[in-house]
1. Can you find, among VAL42, ALA182, CYS214, the residue sitting farthest towards the positive end of the charge dipole of the chain, where Lys and Arg contribute +1 and Asp and Glu -1 at Cβ?
2. Using the number of other C-beta atoms within 10 angstrom as an exposure proxy, rank TYR184, TYR32 with the fewest first.
3. Fewest Cβ neighbours within 10 Å first, please rank LYS62, LYS137 accordingly.
4. Only Cα pairs within less than 10 Å get springs; with that Gaussian network setup on the chain, which residue of PRO209, PRO193, PRO65 has the largest fluctuation?
5. Whose amide H sits under 5 Å from the amide H of VAL41, counting only residues 5 or more places off or on another chain, with H placed in the peptide plane?
6. What ranking do HIS256, HIS195, HIS248, HIS86 get, fewest neighbouring Cβ atoms within 10 angstrom at the top?
7. With +1 on each Lys and Arg Cβ and -1 on each Asp and Glu Cβ, and nothing else charged, work out how big the dipole of the chain is about its Cα centre, in Debye to the nearest 20.
8. Which of GLU67, GLU226, GLU58 ends up with the largest GNM mean-square fluctuation for the chain, with Cα atoms connected below 10 Å?
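Bear in mind that the values in this text are calculations on the coordinates, not laboratory data. Please read these numbers as outputs of a predicted model, since none were measured by experiment. Glycine gets a Cβ as well: all are built from the backbone with ideal geometry, and neighbour counts include every protein chain shown.
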Amino acid sequence: MENLSNFFELCDQVAIVTGAGSGIGQAIAAGYARQGARIAVVDLNKENAAVVAGEIIESGGKALPLECDVSKTNDAVWVVSEVMNHFGQIDILVNNAGIGDRAMAEEMTDDMWDKVLAINLTGAFLFCREAGREMIKRGKGGRIINMASIAGLVGLDTGNANYCASKGGLIALTRCLAIEWAKYGILVNAIAPSHVRTPLIASLMKEKPEVEACFLDNIPLGRIGEPDDVVGPAVFLASPAASFITGHTLIVDGGHTAR
């Protein structure tokens, strides 16, 4: 058996990470770069994408910042084309871009529903399809990691019907693609975090301290997750160590769903 440390290397790999301008996506992009991967830093905010890509390059890695609205087919097609032109291959896709827009179901507008589903679910499908086509064409397999949530596994507190539906759909999409693309050597998995201290969550907890207390009541480990807590699982699923895992949802929640 080879040295186990080699199981987690991503040398000579090219990864697309959406929503990589901050939070979990930024942490994963940086983590993959440390393991040797070249990174397409994809984000709706081009300034954030440029900053993250710049940090990777300053640390000795290779990165390409790309501005993109993941819910738009043309944007997904363009990003994949740019990555192929720049790096010549796609080995890993992380569908991390996502939003929430809370309201009680009886008060939720069509636009609120459509926007969340368009980004969280349709956007992930578009990138799976476009990157998947290149992986199939190349014939060397690939890894797709969809950033789901425990919201796709259990009902959250009120006001999250659109978000929960989008993440549940993403988990179902993960399983379906794992079966469809197994013959191509493309492994498709999901990660389901609990509450993680992203800029959005951090701002919410600062504004409403009682929210953090509510979060902590449901996490047996007694702390909010940090973006770096998701990096290890994301590296694992992209690495040779996970070569016989597909269709799986890896829960990263401090014990939240163990209750």
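1. Highest projection toward the positive end goes to ALA182.
2. On the way: TYR184 16, TYR32 28.
So the residues, fewest neighbours to most, are TYR184, TYR32.
3. Working: LYS62 15, LYS137 11.
Starting with the residue having the fewest Cβ neighbours, the order is LYS137, LYS62.
4. Among PRO209, PRO193, PRO65, the largest GNM mean-square fluctuation belongs to PRO209.
5. Counting only residues 5 or more places away or on other chains, the set is LEU64, LEU66.
6. Details: HIS256 21, HIS195 24, HIS248 16, HIS86 13.
Sorted ascending by nearby Cβ count, the order is HIS86, HIS248, HIS256, HIS195.
7. Values: 21 positive and 30 negative charges, 170 e Å.
That gives the chain a dipole magnitude of about 820 debye.
8. GLU58
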